[in-house]
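Q: Would you mind keeping the following structure in view while I ask a few things?
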Amino acid sequence: MTAPIRERRARRAAADDVALIGHLMRRAAFGARAEHLEQLARKSYGAVVDDLVNPERFPPLEEDLLERFHSDQSDDESTGWTATRWSFQMINSPRPLEFKMALFWHGLFATAVSKVTNNPMMRNQYQMLRENGLSDFRTILQRLARDPAMLYWLDQQQNHAAAVNENWGRELLELFSMGRGNYTEDDVKAAARAFTGWTLDQTFPRYPSGYYDVRFVYRPEDHDETPKTFLGRTGNFNGDDIIDIILEQPATAHYLALHLYKFFVSDEPNRDEVEALAQTLTESRFDIRVTLKAMFLSEYFRQARFKRVRSPAEHVIATVRIAGRYTNAWEHGIDGLEDAIGRMGQQLLNPPTVEGWHPGREWIDSAYLIERVNFAADMLGDPSAPGVVAISRRIAGGRSGIEALALVDAVLYEMGALMLSPAAKQAIIENLELVGEVACNPPEVFANTVARVCRTISTAREFQLE
Amino acid sequence: MTGVADRPARKVERMRTTKAKALWPAPLSAAIPAPRAPYQDRYPTLFRRGHQFEIALGQRLALGGFKGPTDVAFGPDGWLYVMNRYPNDGHLAGVRWVQVNVKDDGFEFEVVPKDPPGKPGATGHEWLGSLQMTVCDSQGVLYSADEHRHTVVRCSIRGETLGYWGHPGDKPGQLNGPTGMCLDADESLWIVNTLNHRVDHYTREGEWLGGFGQQGTGPGELNFPWGVAIDPINGTVVVADWRNDLVKRFSRDGKLLQVIGRPGHGEGELHRPAGVAEDNHGDIYVADRGNNRVLSFNYRGMFIESFIGDAVINDRGMQKVLTNLDMVRMRDNIENLDREKRLKAPVSVRVDNKGRVYIADTGRYRVQVYRKMCKALRPDEVDPPTLHVDPVLT
């Protein structure tokens, strides 16, 4: 083999590595530009996965500056601010999987401020999901069953030994762990009785001093101590016993595996692949970290590129990361992100119902699509955006010009090894009237051209996928 | 473009109830700052009795009240001007000063400019959005700096926006994240340019007179400084070095003279200090925001006292709660009401010439006011103060 061929193959292999890691970073994180992907590609794919699922290897994001420059949020009253803080973390944290998993669990355990109406409770639930999101499902369910926001959301404070409220018990089985068809109405009642006495303490009203934290409390005098029969087992169960029995059911592993698959792999589940994931969950005793690692290393995950519609939060954060915006705490306007995400149909910390959002193609209705396209086009069409400036500098390198198709390919690569069909690329070239070789100088003019290409790419169908 | 300063003065809307007029026909003189004398030559020796909680101003109400008060300024008309970042009455978004009368049993009324100062703003299309610290000169001009728009706004206590000054940038004298400010003895302004990690000195019209500071964690360096105060005794500059968790005293040309406090969460320790003030005795008050309290130190840097908040619901707050029986029932079932008294993320602390300490209890929608109880001893009553005093037992 001649040297040029070897060199060409090596370059192609390196590009393949960057593309694969780009795929991983879109799914397990919130995307990255090629500049960052090339750094990651110096390590093996397995090592990058290992770093992602072990976020404690990296220092936590310093958030004090965010508080410093948003002292107007000192009252901690706005759930919009909690969502803004989450956005900042998703954009900047060196531990992105923590925040991605918080997004996953928030979708599964949908709790809305529209009923809870207390930001400290919502903030605490979000922090709980973030801190425990990579632990194991038992721990997560146990924490969830003691989470004041969830308890209030599902009326658990009204679940008394003498007057049972089944709301939490029902949703625990139906939406949070097993799914319909795997339990009976009697199981729901037994679960609800086992959780009697699990409640929250009284907090201050909003006026005149604002919201205060709420604590979980267990009131033994209000707990039903009589025997219960739940999923074929009989005993004087409490809430933790119910969670343990749920985790023994094969349906639980399948239910969680299906949700993980749809969140990380594809909107169209493959039965065998979901089954494999469920088996990993069971064998690892529902260890989320182990399961995610196995999933990211699997062949089906590597092949599943651009098979998911990005959720609004993923779309906004990935776009912001390409644009290089809001990397410091004092950049004005970050509080607009949660609003943008909401306009696309995913108001963080305020899902429409306990079922959460319906992902996949349902993110793309005509109104939401316009919001998605407009947001990305505005963000990436700004030639002064730091990310766009960096992209144009890297492409220009030392060269005087670049051929139009090569420019589109280079921009796609720089935006995170994205892919477009040949027809879409040609459409961009025609739309922007790029003819022959595009001059790389003067830099401001070239940055404008790159911004126009970025902007047009952001309107493509493929940009809605990851 | 027509500048805001060129626009006609806006009419001021005064909302004063009949009851208020009857009870308080004229503003009190309590908050009037003393005429600023030339610097004194020595700190007095004090017999300290401690600070007594006096009143909580504001609170969150459906109409009126505060939302996110960040600072107070003392007007020459005897009123207290509270920087209220987000008005709570649905009237306007933005920032405004709320005029408050300070009296022992606490009542307030407001002066509401028709528009928040800055609309449509220095650049013609956005409101001022991040005013935080404020001062008022003897002419009744309020000054505040917009941290995000890098400009200083001047507004009369009658509600007229008088104009803006300042050039954004990272050079000495340019504004970059301006926040903390205080008046010097001659009523010139000291302003903290947080993002330049500097403290700069300006005339009231914006002419740069000097300044100092550079980013770092070293002894004489600053790291995102926030509040600033001028020592009324000797004119030295006291700065809350926010990210270094310290307060530092500098000479007017930037030489480090003293480090006050140390990082931490314990007694006399600071975590992300914000506002800072110094009273006529040389006592330094620090809004220890990260620890949800205010600390006081004497001029030697010795920790004296901490303020964690003692507010009880004032009459207007109680009236608000009483309009909603659900809230009354909720309160009836609450264990430990102490939590409600405490400070939350105080941004600023100021002192007036009557020994009152005003803490902007930003996270709890109120200003907590304490009164300093002490006696300043005549020089002939005590030995000259010394730097180190040997402990004695009586």
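The values are calculated or read from the model by the stated rules, or taken from the named source; none is laboratory data. This is a predicted model, so every value here is computed, not measured. Quick reminder, even Gly has a Cβ in these numbers, built from the backbone with ideal geometry, and neighbours come from all protein chains shown. Remember, those area values only see protein heavy atoms, side chains included, never the ligands or the DNA or RNA. Shrake-Rupley method; radii C 1.70, N 1.55, O 1.52, S 1.80 Å.
Q: Can you give the extra length, in nm with one decimal, that the chain gains between A:Met419 and A:Glu63 once fully stretched, where that is 0.36 nm per residue apart less the Cα-Cα distance? Write down the numbers at each step before the final one.
A: Numbers: separation 356, 0.36 × 356 = 128.16 nm, distance 3.43 nm.
Length gained, A:Met419 through A:Glu63: 124.7 nm.
Q: Which length gain, in nm to one decimal place, applies between A:Asn328 and A:Arg271 when the Cα-Cα distance is subtracted from 0.36 nm times their residue separation? Kindly include the intermediate steps, with their values, before the conclusion.
A: Values: separation 57, 0.36 × 57 = 20.52 nm, distance 4.34 nm.
Difference between extended and current length: 16.2 nm.
Q: Is the shape of region B:168-314 rounded, prolate or oblate, going by the alpha carbon gyration tensor and its root eigenvalues a ≥ b ≥ c, with a/c under 1.5 for rounded and a/b larger than b/c for prolate?
A: Working: a/c = 1.63, a/b = 1.49, b/c = 1.09.
In terms of gyration-tensor shape, prolate.
Q: Relative to the Cα centre, what is the charge dipole magnitude of the protein assembly as shown, using +1 at the beta carbon of each Lys and Arg, -1 at the beta carbon of each Asp and Glu, and rounding to the nearest 20 debye?
A: Working: 103 positive and 114 negative charges, 196 e Å.
My answer is approximately 940 debye.
Q: Using the crude model of +1 on Lys and Arg Cβ and -1 on Asp and Glu Cβ, and no other charge, please compute the dipole size for region A:271-398 relative to its Cα centre, in debye to 20. Mind dumping the intermediate values first?
A: Values: 16 positive and 17 negative charges, 114 e Å.
Charge dipole, region A:271-398, about its Cα centre: 540 debye, nearest 20.
Q: Per-residue HN-Hα couplings for region B:286-295, Karplus 6.51 cos²θ - 1.76 cosθ + 1.60 at θ = phi - 60°, whole Hz, x for Gly and Pro?
A: 10, 6, 7, 4, x, 9, 6, 7, 10, 10
Q: Heavy-atom accessible surface, probe 1.4 Å, ligands and DNA/RNA ignored: which residues of region A:174-216 lose at least 50 Å² versus the isolated chain?
A: A:Gln202, A:Phe204, A:Pro205, A:Tyr207, A:Pro208, A:Ser209, A:Tyr212
Q: How high is the relative contact order of region A:386-464, in percent, counting Cα pairs under 8 Å that sit 6 or more residues apart? Before the final figure, lay out the partial values.
A: On the way: 69 pairs, mean separation 33.2, N = 79.
Relative CO of region A:386-464 lands at 42 percent.
Q: How high is the relative contact order of region A:27-146, in percent, counting Cα pairs under 8 Å that sit 6 or more residues apart?
A: Relative contact order of region A:27-146: 28 percent.
Q: To the nearest whole number, what is the average tally of beta carbon atoms from other chains within 10 Å of the beta carbons of peptide B:317-325?
A: Values: counts 3, 1, 1, 3, 4, 0, 1, 3, 0.
Whole-number average of other-chain Cβ neighbours for B:317-325 is 2.
Q: Based on the alpha-carbon set only, what is the convex hull volume of chain A divided per residue, in Å³?
A: Values: hull volume 73.6 nm³, N = 466.
Hull volume normalised by residue count: 158 Å³.
Q: Of the beta bridges DSSP finds with both residues in the protein assembly as shown, what % are antiparallel, to the nearest 5?
A: Counting DSSP beta bridges with both partners in the protein assembly as shown, the antiparallel share is about 95 percent.
Q: Residues with beta-carbon under 15 Å from that of A:Gly345, excluding A:Gly345: net charge, scoring Lys, Arg +1 and Asp, Glu -1? Mind showing how you got there, number by number?
A: On the way: positive: A:Arg310, A:Arg343, A:Arg361, A:Arg372; negative: A:Glu314, A:Glu338, A:Asp339, A:Glu355, A:Glu362, A:Asp365, A:Glu371.
Local charge sum for A:Gly345: -3.
Q: Give or take rounding to whole Å, what are the principal axis extents of the alpha carbon atoms in region A:50-117, in descending order?
A: Extents along the principal axes: 38, 32, 15 Å.
Q: FRET efficiency for B:Val312 and A:Glu131, Cβ-Cβ distance as r, R0 = 35 Å, nearest 0.05? Let's see the in-between values first.
A: On the way: r = 36 Å, r/R0 = 1.02.
In this case the efficiency is close to 0.45.
Q: I need the peptides A:103-113, B:273-283, A:400-410 ranked by packing, meaning the mean over residues of other C-beta atoms within 10 angstrom, with the highest value on top.
A: Working: A:103-113: 22.2, B:273-283: 24.6, A:400-410: 17.2.
Packing order, densest peptide first, comes out as B:273-283, A:103-113, A:400-410.
Q: Step by step: find N for region A:229-341, compute 2.2 N^0.38 Å, then divide the Cα radius of gyration by it. What's the final number? Present the calculation step by step, with values, prior to reporting the outcome.
A: Details: Rg = 19.3 Å, N = 113, 2.2 N^0.38 = 13.3 Å.
In units of the 2.2 N^0.38 Å rule of thumb, it is 1.46.
Q: In what order, largest first, do A:Tyr300, A:Tyr212 sit by accessible area if the probe radius is 1.4 Å? Mind dumping the intermediate values first?
A: Working: A:Tyr300 45, A:Tyr212 15 Å².
Sorted by accessible area, descending: A:Tyr300, A:Tyr212.
Q: Search the structure for amide H atoms under 5 Å from the amide H of A:Leu154, placed 1.01 Å from N in the peptide plane, and list their residues when 5 or more places away or on another chain.
A: The answer is none.
Q: Further question: For B:Arg198, what residues show an amide H to amide H distance below 5 Å, using hydrogens built from the backbone and excluding near sequence neighbours?
A: Those qualifying (amide H under 5 Å, at least 5 residues apart or on another chain) are B:Asn193.
Q: A follow-up question, please. What three numbers, in Å, describe the spread of the alpha carbons of region A:135-244 along their principal axes, ordered from the longest?
A: For region A:135-244, the Cα spread along each principal axis is 50, 31, 22 Å.
Q: Related question: Between the DSSP loop rule and a limit of at most 10 other Cβ atoms within 10 Å, which trypsin sites (Lys or Arg not before Pro) in region A:108-200 are left? Show your work: numbers first, answer last.
A: Working: sites: A:Lys115, A:Arg123, A:Arg130, A:Arg138, A:Arg143, A:Arg146, A:Arg170, A:Arg180, A:Lys189, A:Arg193; in loops: A:Arg146, A:Arg180.
Sparse-neighbourhood loop trypsin sites (Lys or Arg not before Pro): A:Arg180.
Q: Which ³J(HN,Hα) values, rounded to whole Hz and listed in residue order, are derived for region A:214-220 from phi using the Karplus coefficients 6.51, -1.76 and 1.60 in 6.51 cos²θ - 1.76 cosθ + 1.60 with θ = phi - 60°, glycine and proline given as x?
A: Going residue by residue, I get 10, 10, 6, 9, 10, 10, x Hz, with x marking Gly and Pro.
Q: Go from 0 up to the bin containing the longest alpha carbon distance in region A:1-70, width 5 Å each, and give me the % of pairs per bin.
A: In whole percents, the pair-distance histogram is 3, 14, 19, 18, 13, 11, 9, 5, 3, 2, 1, 1, 0.
Q: Using only Cα atoms and rounding to the nearest 10 degrees, what angle (0 to 90) does helix A:119-132 make with the longest principal axis of chain A?
A: On a 0 to 90 degree scale, this one is about 80.
Q: If R₀ is 41 angstrom, what is the calculated FRET efficiency for the pair B:Glu221 and A:Arg399, using the beta carbon separation as r and rounding to 0.05? Could you put the intermediate results ahead of the total?
A: Numbers: r = 43 Å, r/R0 = 1.04.
Rounded to the nearest 0.05, the efficiency is 0.45.
Q: Could you tell me the number of lysine pairs in chain A with C-alpha atoms less than 26 Å from each other, where the two lysines are 8 or more residues apart or belong to different chains?
A: Here the count comes out as 13.
Q: Taking a probe of 1.4 angstrom, what is the accessible area of B:Glu207 in Å², to the nearest 10?
A: We get 120 Å² for B:Glu207.
Q: Rolling a 1.4 Å sphere over the protein heavy atoms, what is the accessible area per residue of region A:64-303, to the nearest Å²? Let's see the in-between values first.
A: Values: 8430 Å² over 240 residues.
Here the per-residue accessible area is 35 Å².
Q: Express the carbon and sulfur contribution to the solvent-accessible surface of the protein assembly as shown as a percent, rounded to the nearest whole number, probe 1.4 angstrom. Mind dumping the intermediate values first?
A: Numbers: 17730 of 35130 Å².
Roughly 50 percent, rounded to a whole number.
Q: Turning to a different aspect of this structure: Give me the net charge for the shell around A:Ala410: Cβ to Cβ below 15 angstrom, other residues only, Lys and Arg +1, Asp and Glu -1.
A: Working: positive: A:Arg11, A:Arg33, A:Arg393, A:Arg394, A:Arg399, A:Lys425, A:Arg452; negative: A:Glu35, A:Glu38, A:Glu403, A:Asp409, A:Glu414, A:Glu437.
Neighbour charge sum, excluding A:Ala410 itself: +1.
Q: Here's something else I'd like to know. Please arrange A:Leu129, A:Leu418, B:Leu322 by accessible surface area, largest first, computed with a 1.4 Å probe and ligands excluded.
A: Values: A:Leu129 5, A:Leu418 30, B:Leu322 95 Å².
Order by accessible area, largest first: B:Leu322, A:Leu418, A:Leu129.
Q: Any chance you could run the full-extension gain for A:Glu35 through A:Gln158? It's 0.36 nm times the residue separation minus the Cα-Cα distance, nm to one decimal.
A: 38.9 nm
Q: How high is the relative contact order of chain A, in percent, counting Cα pairs under 8 Å that sit 6 or more residues apart? Present the calculation step by step, with values, prior to reporting the outcome.
A: Numbers: 689 pairs, mean separation 84.7, N = 466.
It rounds to 18 percent for chain A.
Q: What's the average, rounded to a whole number, of partner chain beta-carbon atoms within 10 Å of each residue's beta-carbon in A:368-380?
A: Values: counts 0, 0, 0, 0, 0, 0, 0, 0, 0, 0, 0, 0, 0.
Across the residues of A:368-380, the mean count of other-chain Cβ atoms within 10 Å is 0.
Q: Which distance in nm do the two modelled labels at A:Ala3 and A:Asp51 give, with both placed 7 Å along the Cα-to-Cβ direction?
A: The two pseudo-label positions are separated by 3.2 nm.
Q: Greater than 21 Å separation of Cα atoms is the criterion. Which listed pairs, B:Lys67/B:Lys341; B:Lys248/B:Lys372; B:Lys248/B:Lys341, meet it? Don't skip to the answer; put the middle values down first.
A: Working: B:Lys67/B:Lys341 17 Å; B:Lys248/B:Lys372 23 Å; B:Lys248/B:Lys341 30 Å.
Pairs exceeding 21 Å: B:Lys248/B:Lys372; B:Lys248/B:Lys341.
Q: What quantity of accessible surface, computed with a 1.4 Å probe and excluding non-protein components, is buried in total between chains A and B, in Å² to the nearest 100?
A: Working: alone 20380 and 18030 Å², together 35130 Å².
Separately minus together, A and B give about 3300 Å² buried.
Q: Which whole-Hz ³J(HN,Hα) couplings does region B:166-178 yield from phi under the Karplus relation 6.51 cos²θ - 1.76 cosθ + 1.60, θ = phi - 60°, glycine and proline marked x?
A: Result, rounded to whole Hz: x, 10, x, x, 10, 8, x, x, 7, 8, 8, x, x.
Q: Can you classify the protein assembly as shown as rounded, prolate or oblate using the Cα gyration tensor, where a ≥ b ≥ c are the square roots of its eigenvalues, rounded means a/c under 1.5, and otherwise it's prolate if a/b beats b/c and oblate if not? Don't skip to the end; give the middle numbers.
A: Numbers: a/c = 2.05, a/b = 1.35, b/c = 1.53.
Oblate, because a/c is 1.5 or more while a/b does not exceed b/c.
Q: What accessible area, in Å² to the nearest ten, does a 1.4 Å probe give for A:Cys454?
A: That residue has around 0 Å² of solvent-accessible surface.
Q: Counting only other chains, what is the mean number of Cβ atoms within 10 angstrom of the Cβ of each residue in peptide B:354-366? Please report the intermediate quantities before stating the final value.
A: On the way: counts 0, 0, 0, 0, 0, 0, 2, 3, 5, 8, 6, 7, 3.
Other-chain Cβ atoms within 10 Å of each residue's Cβ, averaged: 3.
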